[in-house]
Amino acid sequence: MYEIVAFYLFSALTIGLFLITVLSKNVLYAMTSLAAGMVLISGFFFILGADFLGVVQLIVYVGAIMALYSFAMMFFDATRDIKEKNTNNTLVFLLGGLSALVLVLMFAAPIYSDTIVALYPMTEGVGNAQDVGMVLFTKYLIPFEVAAVMLLVAMIAGIILAGKKMDESLTEDMSADDEIMIVKDDK
Amino acid sequence: MIGLSHYLIVSAILFSIGLVGVLRRRNLLMLFFATEVMLNAVNIAFAAISHYYNDLTGQMFAFFIIAIAASEVAVGLGILIVLYKKYGSLDLDDLASMRG
């Protein structure tokens, strides 16, 4: 009973909040509703018994990604309304709905066949986090390591791209020469 | 009782909302928000299928999608900051340098 109420409440709220995200003119409103919608999506994960995924969603999406967005928003003019010229809105809505429907049908069609067997079935009597750990560190170890390298690359790229004096310090190495001069003077 | 199709329908609605956002938005930051909406919709579908088929593979894929979203945001926001420094605007129509 609670599950049904929670599901319909969460889905209605999530759809409303994401509609605000997509349709709002103000960046601040869009970002706040996106963060709230992500919190509610972690509620979906808790209903579905994917506890660890829900916690990761809260930590990574709401904690890290939204913090990153709010920091990036300080670089841009966030309080001003965004002026966008939108031509032919109904066509866009129609095209978006239709292509999303086609995509979902394409990916959902194999699910309804009877040939699907569980590849890594959930272990009985083991918590979700432990179960995820057992599968992730045995069967998915190489993708896990590759994801770690990808996150490292993304971190370095973010630091280099958003670094402040990018055009000076990356091309010319003036500061290094100055330091060498100072060391020589001291001696 | 809630079936798998309920979750898939919610996921499809959220995905189409995100797709409409990607098609409609002209501001690059708002476009990033719309892609986040789409990624979250796919995650719901993965978690639901993982629950109803008693299989952990869906949750694994959802983890990797979250990792990809995190790195996408890190690199993308860096690029946005560089673009904003160069052009002073994030509007896609202003950024079009090749007049096609």
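The values are calculated or read from the model by the stated rules, or taken from the named source; none is laboratory data. None of the values given here were measured: they were computed from a predicted structure. Positions of Cβ are generated from backbone atoms using ideal geometry, with glycine treated the same way; all protein chains shown enter the neighbour counts. Side chains included, ligands, DNA and RNA excluded: accessible areas come from the protein's heavy atoms. Shrake-Rupley method; radii C 1.70, N 1.55, O 1.52, S 1.80 Å.
Quick rundown of the values:
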item	result
Cα centroid of the stretch A:127-157 to Cα centroid of the stretch B:1-75, whole Å	19 Å
Å² per residue, accessible surface of the protein assembly as shown at 1.4 Å	56 Å²
Span-like helix ranges in chain B, DSSP H, alpha carbon extent 20 angstrom or more, Kyte mean at least 1.6	B:4-24
Distance between modelled label sites at A:LEU101 and A:LEU119, nm, 7 Å Cα→Cβ extension	3.1 nm
Helical contribution to [θ] at 222 nm, DSSP H n ≥ 4, -39,500 (n - 2.57), averaged over the protein assembly as shown, rounded to 500	-24000 deg cm²/dmol
Residue-averaged beta-carbon neighbours from other chains (10 angstrom radius) around A:19-30	4
A:PHE52, B:PHE32, ranked by accessible area, largest first (probe 1.4 Å)	A:PHE52, B:PHE32
Inter-chain shielding of B:1-11 (mean C-beta neighbours from other protein chains, 10 Å cut-off)	4
Protein accessible surface hidden between A and B, which excludes ligands and nucleic acids, total in Å², probe 1.4 Å	6800 Å²
Shielding of B:30-41 by partner chains, average beta-carbon count, 10 Å	6
With all protein chains modelled, accessible area of A:TYR29 [1.4 Å, Å²]	140 Å²
